[in-house]
Amino acid sequence: MKWQEILARSSEVQQQAGRLWRSTLGPFLARSVGRAGHYSRLVTQFCSLLLAGQPVVPLIVKLAAKNLFHDRLRFIATLIGIVFSIVLVSVQMGLFLSFGRMVTTMIDHAPADLWIIPRGTKCFEDPSLLDERERFRAMAVKGVSDAIPILISFAQWRVPNGGTVPVLVIGANLWAAGLRPWNIFEGTLDSLSIPDAVAIDRSYFERLGSKGLGDTAEIRDQRAQVRLVTTGIRSFTTTPYVFTPLDRARAYTATPPNKTTYLLVQLAPDADVEEVRDRLTSTLAKAEVLTPAEFRKRSRSFWLFETGAGAALFAGALLGMIVGSVIVAQTLYSNTKEHLNEFATLRAIGTSRMYIQIVIIVQALLSAVIGFAIALGTGLLVVKVTAATALPVVMTPTLMASLFLLTVAMCVTSAISAIIQVVRIDPATAFTR
Amino acid sequence: MSDRVIEAVNVVKSLGDGARKVQALKGVNLHLAGGELVLLMGPSGSGKTTLLSVLGCILSPNEGTVRICGQSTSGLQPEALAKLRLAHIGFVFQTYHLFPTLTAIDNVRLVLEVAGERPHHAAAKAMDVLALIGLAHKARALPLELSSGEQQRVAIARAMVGNAAVILADEPTAALDSENGHSVMSLLAEVAKIQSRGVLVVTHDARTLPFANRVVRIDDGRIVGEEQGAGGSPGPTDEVTAGL
């Protein structure tokens, strides 16, 4: 009996599904495929005509363009909205990328397979200390070829004409493969072996009261002479980096000789990173062992999210998008309202709703493409102008592509209010206006 | 005259809701054959424009049947009605309703492109129709650069270009002077006669009477009279209709 009921119900469900398919889903899918086919044919025709040198622009595009460009003031207002929005988003995102890169620049340039860091270290600039004994314990672990100590600590740089500037002293053994200055502009690495020698970046000359090689200053009442000048090694904070050998760094920062900040682990050939890391972790009780990627991620995460800097950048970008969307929506809406009579005529002569909606979407797309082109030019100008500053704005191909998609999405979304207005239009108004 | 291209049987249409509900059409019967020009005349508020909208598949009747080229419009959804309009009906509006930002040729080819015609084919056909009505030399002109008569002729070209079996014209001469009104009515009469289309003209204008095959009078939502007209284009064929 039960089986008969199940079979009967199953047959009923099948019939209902069949009815639903025939009455609703089937025709809907067929219509959707038909429409998609129609408009893809339009695009194909347009492209083939352009390629064949017969640029008869389809009227759906021409009508959209004419509607858009007809009121130049309104069009300019639309463009200003898009450009303002996208430049703001691109600057915020460019700063975000730049920030993300700058906070890991030291980690990127340190030739380490693994980092041994004091437990709880939040970022590269977090100057906790490890005991030198940890280094010897690490060196004893199987698979470790070397564990190079580096010291990171804040100090006061006393400029010759008075006043002090906080600096971040980076001490490393210059003869081991540790963290050494790169992008050398003047001088040689060997010159850092001269007593009191330090390396600074030329972008900090003014801040450090230096004119270049040979200038002297004091760090913690000890002489420091500029013997090496780098270019482009900048901190995202306003604190300049000062490179010097490890022992001198300890003297400048009053760090005991048996203390260090990090140990850069270099693995023996054929050693497995994860196995060595596990051994080091079980050996070193007061330290953490991270891969460079993990340390980069931790530093970025701290500066971008725990300090609120990233949230501020994202909030700025979001604000830009909202303002841009509102301006574009408002101008598209008023533009559509002005042309309602024409859209009613289109409906009266038999144009489908989809055709009219596409006219509005094409208007939005044209605004997006033109607005994006101007915004990109402005953004690249900002990139050029900020290139030599403490926090340059970065523009990558991925960011450009993302910004373009964002512009298109913003403009098409903004077209919704205009589309709703057009969908409600009564073709009979063509007779009454 | 050929077969009926449009037919209304016992059409009832109410407009508005509640206390404002008005029965605009009260059982209207009307037909239009290919090749004839019919004038629909009546006082303001008699239901002329409502009837034109119902015959043009823009409004659906509450009762009764409308057939366009033999096809009933009963039960058709708005998009299906739009397709029917596009395929069979051409409209001429009192104030032309040309797209002010498009040239004359683009205004004409619009109907073809909406119907899916390739852009360059549509442009060629539109130019042919403009040439037929003597406006080829104004093909690249914007509506504002055309006289009222020329604008209405472009609107007629737009209604003709898609081979619509029916042309519905709403007060096509109301905004025109005597000469242009004569020219536009001549054109519509020739379109009916030579191209065997059915042309229904809603008008108050007595100057249009000599062009009609039939005159249908409507009042208070009912057809109250019908008479035979002069039956075609009076006087010599002018340069406007020479191409047809």
Lysines with Cα under 18 Å of B:LYS26, excluding same-chain neighbours fewer than 8 positions away: B:LYS13, B:LYS48
Need one number: convex hull volume per residue for the protein assembly as shown, Cα atoms only, in Å³. 281 Å³
Does the stretch B:95-244 come out rounded, prolate or oblate, given a ≥ b ≥ c as the square roots of the eigenvalues of its C-alpha gyration tensor, rounded meaning a/c under 1.5 and, failing that, prolate meaning a/b above b/c? prolate
For the charge dipole of the protein assembly as shown, defined by +1 on Lys and Arg C-beta atoms and -1 on Asp and Glu C-beta atoms about the Cα centroid, which residue among A:SER414, B:ALA139, A:PHE305 has the Cα displaced farthest towards the positive pole? A:PHE305
In nm, spacing of pseudo-spin labels at A:GLU132 and A:LEU405 (7 Å Cα→C-beta vector): 5.4 nm
Restricting to Cα pairs under 8 Å and 6 or more apart, the percent relative contact order of chain B works out to 27 percent
What's the magnitude of the charge dipole for the protein assembly as shown around its Cα centre, counting Lys and Arg as +1 and Asp and Glu as -1 at the beta-carbon? Answer in Debye, nearest 20. 760 debye
Cβ neighbours within 10 Å from other chains - mean over A:389-401: 0
Helical mean residue ellipticity (222 nm; -39500 (n - 2.57) per DSSP H run of 4+; nearest 500) of chain B: -10000 deg cm²/dmol
Taking every DSSP beta bridge that has both residues in the protein assembly as shown, what percent is antiparallel when rounded to the nearest 5? 65 percent
Relative contact order, percent, of the stretch A:96-202 when contacts are C-alpha pairs under 8 Å separated by at least 6 residues? 19 percent
Compute the longest continuous run of chain A that contains no exposed chymotrypsin sites (Phe, Trp or Tyr not before Pro); treat a site as exposed when its DSSP state is not H, G, I, E or B and it has at most 16 other Cβ atoms within 10 Å. A:183-433
Expressed as a whole percentage, what fraction of the accessible surface of chain A belongs to carbon and sulfur atoms when a 1.4 Å probe is rolled over the protein heavy atoms? 62 percent
Mean projection of the alpha-carbon convex hull of the stretch B:1-124 over all orientations, in nm²? 9.7 nm²
If R0 = 60 Å, then A:THR237 and A:GLN421, at their Cβ-Cβ distance, give a FRET efficiency to the nearest 0.05 of 0.75
Suppose only helical runs count, i.e. DSSP H with n ≥ 4. What mean residue ellipticity at 222 nm does that imply for chain A under -39500 (n - 2.57) per run, divided by all residues and rounded to the nearest 500 deg cm²/dmol? -18000 deg cm²/dmol
Length-normalised contact order of chain A in % [C-alpha pairs under 8 Å, at least 6 apart]: 25 percent
Modelled FRET efficiency - R0 30 Å, B:ALA124 with B:ILE194, Cβ distances, 0.05 increments: 0.90
Dipole of the stretch A:220-354, positive end: most advanced residue of A:GLY324, A:GLN225, A:ALA254 [Cβ charges, Cα centre]: A:GLN225
Summing both sides, how much accessible area is buried between B and A? Use a 1.4 Å probe and give Å² to the nearest 100. 3000 Å²
Other protein chain Cβ atoms within 10 Å, averaged over every residue that makes up B:110-120: 6
Please compare each pair in A:LYS122/A:LYS211; A:LYS66/B:LYS83; A:LYS62/B:LYS125; A:LYS62/B:LYS138 to a cut-off of 23 Å on the Cα-Cα distance and tell me which ones are over it. A:LYS122/A:LYS211; A:LYS66/B:LYS83
Tilt, helix B:104-114 to longest principal axis of chain B (alpha-carbon atoms), in degrees rounded to tens, equals 50 degrees
Is the stretch B:134-210 rounded, prolate or oblate when judged by the Cα gyration tensor, a ≥ b ≥ c being the square roots of its eigenvalues, rounded requiring a/c under 1.5 and prolate requiring a/b larger than b/c? oblate
Quick check on the stretch A:78-230: take the gyration tensor over C-alpha atoms, sort the square-rooted eigenvalues as a ≥ b ≥ c, and tell me if it's rounded (a/c under 1.5), prolate or oblate. oblate
Degrees between helix A:292-301 axis and first principal axis of chain A (Cα, 0 to 90, nearest 10): 70 degrees
Can you give the accessible area of A:CYS123 in Å² (nearest 10), computed on protein heavy atoms with a 1.4 Å probe? 10 Å²
The protein assembly as shown - accessible surface per residue (Å², probe 1.4 Å): 45 Å²
Unit charges at the beta carbon, dipole of the stretch A:301-433: most positive-side option, A:ALA430, A:ALA368, A:PHE314: A:ALA430
Sites B:VAL224 and B:SER74, calculated FRET efficiency, Cβ-Cβ separation with R0 25 Å, nearest 0.05: 0.45
Expressed to two decimals, the stretch A:310-433 has a Cα Rg over Rh, using the Kirkwood radius, of 1.14
To the nearest Å, what is the center-to-center distance of the stretch A:266-309 and the stretch A:120-180, using C-alpha atoms only? 16 Å
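The values are calculated or read from the model by the stated rules, or taken from the named source; none is laboratory data. Values in this document were obtained by computation on a predicted structure and should not be read as measured data. Every residue, glycine as well, gets a Cβ built from its backbone with ideal geometry; the counts of neighbours run over all protein chains shown. Note: areas computed on protein heavy atoms with side chains; ligands, DNA, RNA excluded. Shrake-Rupley method; radii C 1.70, N 1.55, O 1.52, S 1.80 Å.
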